[in-house]
Every structure is written in C-alpha cells, then in structure tokens.
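Right, one structure below, let's go through it.
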Ligand SMILES: [Zn+2]
Ligand SMILES: [Zn+2]
Ligand SMILES: [Zn+2]
Ligand SMILES: [Zn+2]
C-alpha cells in the first residue's frame, strides 16, 4: 500500500481520541520509590522483595513473573552491589545494554500500520553530546559506575555506549502516574517520533507503564508532522523554555508561541502599586517615576527595588524547594509577592502551585482551597483548558470543596474536570473510573443531605 492510500483510509482523530498506545522499550522505576512501588507495574501496594537480589519489590507474583524477563538480566549484579543503590540513569543504561545485547536492536515499534522505529532510529545527537561538558561528565561518571556494576563484563565500547546514552538522554519520557507525579523513566520507540511544541496538539498520559497519546484538538488525519507534544513545562517564559529545550534536546524551538512575540510583560510582570488597578507593569522596562498607563499611579524607585528583591527571594526559594516543599516558606513568599507581583507572574504561580500541593499534603484544606481557586485562572491562561494539569486541578478542587461542605461549588468544578479529563486522560482511564465517577456520587449524596 502506498503512503497516499494509507493516508486516505486514516480517519479524522477527534479531540481526546487516541493517537498512539505503546509499551516501553525499556523503563525503570525511580529509585526513590524502590520500596514503595512495584518494580514492574510501578503501582503502590503490598510489596514483596526479589529473594535473590533483595533489591527490587513487586506487588505480587504475577508482576514478579512478568518482570523477570528483564530483571533476570540485572538481578545478580544488583545483588552484588547491595546495600548500595544504583543511580536511575545507570540502572536505565544497564537495562538498555542488556536488552540490546539480547536482540533488542531488532525490536520494532509501529507508529502507523506499516511504519515502525527501532532503537537505532532514535537520534543520538552525537556531535551535540561531544560538546556538552556537563553531559560528558555525567557520561564518564556513569561509565565508571557501570564498569563496576558489570565487573568489567558486558560493557560495549565507549562510542557505542555514548550512542545509547545520547539516545536515552534525548528520548526518555518521564512515566507519570494518573495524578501526574513522575514515578519512572522509559524509552518509547514510536512515541519518540513526535516533535515538541510549546503549544502542543497532543498530550501523553500513562496507564501503568503504557504510554497513551491523545489529540488535544480534532486532527484531520494521522499526520505525524502535524502532531506535537510538549517536552517541557510550558509555564515558563520563552527565554526559559528555549534554554531548557536547547540544553536538554539540542534544538531551537520554532513553535508558534516561540516565533510570535510573547506577552513576556505579564510573565515577569509587576502589579500596579495602586491595589484597585489590575494593570500589569513591565518589570523589564519600568523606570523610577514612570506612571501606570491605566490609572496614572506613580511607580517609585522604591517600589521597583522591592519588586526585584521579592523576585530574587522567590527564585532562590523556588530553586531550593525542588526536592522538598516547605509550606511556611511558600507562605512567606506569597505574602511578600502580594501587591508587588502581577497575578499572572509565572514565579507567583509557581509559588502558589507549591503551596497548594503542600497544603494538601499536610491536610491544611482551607489553605489548599484558597490557593487552588487562585490557580484555576492561571492554569487556563498558561496550560490552556485541555491540559492534564488543568483537569487535575479541577478534580482536586472538587474534592476539597466537597470536604468543606460546599457541594454546589464542588459539582461545578467536577463537571469541568469531567469535560477536561475525558479529553486528556479518556473516560476509560483509571483516574476517570476510580476517582472522578465516584466523586459524582459522593457530591450528589452530600447535596441531597443539605
Ligand atoms: Zn505490580
Ligand atoms: Zn532480583
Ligand atoms: Zn516553543
Ligand atoms: Zn494602575
């Protein structure tokens, strides 16, 4: 069948329709969840250890049995290094080496009826890698770790290993659970054909380790050059996004959002000193004694100084909270930002987002509701309506509001959550069936008792 014939029989893909469903070529569970989640299916549960290496944990015999085809390639080595933990990148590379050695080079993953990719079809970015000092340092330390891990056996030559490392760096997906927390890393051969856009037309979620790509808008046909996902968090300024894409994936983004002038003004914006005015002040160009273009308030040098002080403080704290979030630190930052940062300032939204998650974690539900309600319009603004994070935020708010005995408002958010999540996750997803649907019943019951 020729290409054009194939194109003709491919139907339109509706919004929320599945574009691709794929099992990983290779994947690992994040080592920080080693004793909390099953090494095979990545789910939480009652776990038992592999009796040989005592390193990996499984939720049951079925997973242990299915996981053995790959685990048997590493089990004896993991046993040797106990009680040390292999860093994630090393474990992934170790599995990759073994899988390729066992014939993985021939594995084909199809992205259309007739077309497929093999591991060697992934881009290795060899020349970029050679000039990337931090990555080369990472590579040489990994080489050392793996040399010790395999006790000198099994290691391919360094050029070959670098080809694997390069493909791994540029093509890995973070495997998230349905609540969008990253629990693992995997390489998906077919899905890696999809390019990036800061304004994506498709989105990826995971059901266990299975990657599911859905259309965020109606696509006229399965045309891979028109399908884009976002590789990065798009809640960032153009400068930040482009830097991340260049450093991690070695390309300069040419998406519509990067080409057209961006409203940087409000991404890094200051509030108007007049609290009754909702204008955004361009922090990059404002000078002492300038006036607000909307209300005419004078912007003093002191106000500008305060803005930059709060910005510096916020960035320092956001950076330091990459691993652990401190609710009190978020609260201090939010207090300082009040009246100084514009409502859509990305650093303000990042702080709010951390405060929201942390409030839920510490069961401070009143705070969580307050932050969540503020986040809604920000998420719509940056992620758009049909984004998994926007859908999840609505779902969390529905739960929180129900908990606060506000069933009417809860229902409103739940209906929006349903609308969004049926596109991003699908109505057959575990999130939809196990969380969203039962919540409808809970809210209706609560509503009746009022
Ligand atoms: Zn399992
Ligand atoms: Zn084992
Ligand atoms: Zn872009
Ligand atoms: Zn103003």
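Computed from the coordinates by the stated procedures, all read-outs in this text should not be read as laboratory data. Just so it is clear, the model here is predicted, and its values are computed rather than measured. Reconstructed Cβ throughout: ideal geometry from the backbone, glycine too, with neighbour counts over all protein chains shown.
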* Specify the angular offset, from 0 to 90 degrees and rounded to the nearest 10, of the alpha carbon long axis of helix 61-71 from the longest principal axis of the alpha carbons in the chain. => 70 degrees
* Distance histogram in 5 Å bins (all Cα pairs of the range 274-316, percent per bin) -> 5, 22, 30, 26, 13, 5, 1
* Give the angle, between 0 and 90 degrees and rounded to the nearest 10, that separates the Cα long axis of helix 388-403 from the longest principal axis of the Cα atoms of the chain. => 60 degrees
* Structure fact -> With the convex hull built on the alpha-carbon atoms of the range 263-380, volume per residue in Å³ sits at 101 Å³
* **Computed lengthening from residue 79 to residue 300, 0.36 nm per intervening residue step minus Cα-Cα distance** => 73.1 nm
* **Acute angle (nearest 10 degrees) that the helix 407-424 long axis makes with the longest principal axis of the chain, alpha-carbon atoms** => 40 degrees
* Can you figure out the FRET efficiency of residue 441 with residue 88, using R₀ = 30 Å and their beta-carbon distance, to the nearest 0.05? => 0.15
* Asked: With Rg and the Kirkwood Rh both taken from Cα atoms, where does Rg over Rh land for the range 225-322?
  -> 1.06
* In whole angstrom, and with the biggest value first, how far do the Cα coordinates of the range 110-168 range along each principal axis? -> 43, 28, 13
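Residue separation times 0.36 nm, minus the C-alpha to C-alpha distance between residue 309 and residue 246: what's the value? Kindly include the intermediate steps, with their values, before the conclusion.
Values: separation 63, 0.36 × 63 = 22.68 nm, distance 2.90 nm.
Net length gain for the segment: 19.8 nm.
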* How big is D, in µm² s⁻¹, for the chain by Stokes-Einstein at 25 °C and 0.890 mPa s if Rh is the Kirkwood radius over C-alpha pairs? -> 100 µm²/s
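Evaluate 2.2 N^0.38 Å with N set to the residue count of the range 1-102, then give the Cα radius of gyration divided by it.
Numbers: Rg = 18.5 Å, N = 102, 2.2 N^0.38 = 12.8 Å.
Output field value: 1.45.
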* Could you work out the equivalent-ellipsoid semi-axes for the range 383-450, taking the square root of 5 times each eigenvalue of the Cα gyration tensor, largest first, in whole Å? => 21, 13, 8
* Provide the three semi-axes, in whole Å and in decreasing order, of the ellipsoid equivalent to the range 373-422 as defined by the square roots of 5 times the Cα gyration tensor eigenvalues. => 18, 11, 7
* Asked: Whole number please: convex hull volume per residue of the Cα set in the range 29-84, in Å³?
  -> 71 Å³
* Structure fact -> Between residue 23 and residue 218, the two model label points (7 Å from Cα along the beta-carbon direction) sit apart by a distance in nm of 3.5 nm
* To do: Compute the FRET efficiency between residue 293 and residue 380 as 1/(1 + (r/R0)^6), taking r as their Cβ-Cβ distance and R0 = 25 Å, and round to the nearest 0.05.
  => 0.50
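How would the range 66-154 be classified by its alpha-carbon gyration tensor: rounded, prolate or oblate, with rounded meaning a/c under 1.5 and the a/b versus b/c comparison settling the rest?
Because a/c hits 1.5 or more and a/b fails to exceed b/c, the range 66-154 counts as oblate.
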* Starting from the Cα-Cα distance between residue 155 and residue 324, subtract it from 0.36 nm times their residue separation and give me the gain in nm to one decimal. => 57.2 nm
* Counting each DSSP H run of 4 or more residues in the chain as -39500 (n - 2.57), what helix-only mean residue ellipticity at 222 nm follows after dividing by all residues, to the nearest 500 deg cm²/dmol? -> -14000 deg cm²/dmol
* Which residue, 136, 213, 267, has the most motion in a Gaussian network model of the chain that connects Cα atoms within less than 10 Å? -> 136
* Asked: So if R0 is 51 Å, what FRET efficiency would residue 131 and residue 276 give, r being the distance between their Cβ atoms, rounded to the nearest 0.05?
  -> 0.45
* Asked: For the pair residue 225 and residue 335, how long in nm is the line joining their label points, each one 7 Å along Cα→Cβ?
  -> 5.7 nm
* Label-point separation (nm) for residue 61 and residue 106, each offset 7 Å from Cα along Cα-to-Cβ? -> 3.3 nm
* Asked: What fraction of the DSSP beta bridges in the chain is antiparallel, stated in percent and rounded to the nearest 5?
  -> 95 percent
* To do: Please work out the C-alpha center-to-center distance from the range 63-104 to the range 181-234 and express it in whole Å.
  => 27 Å
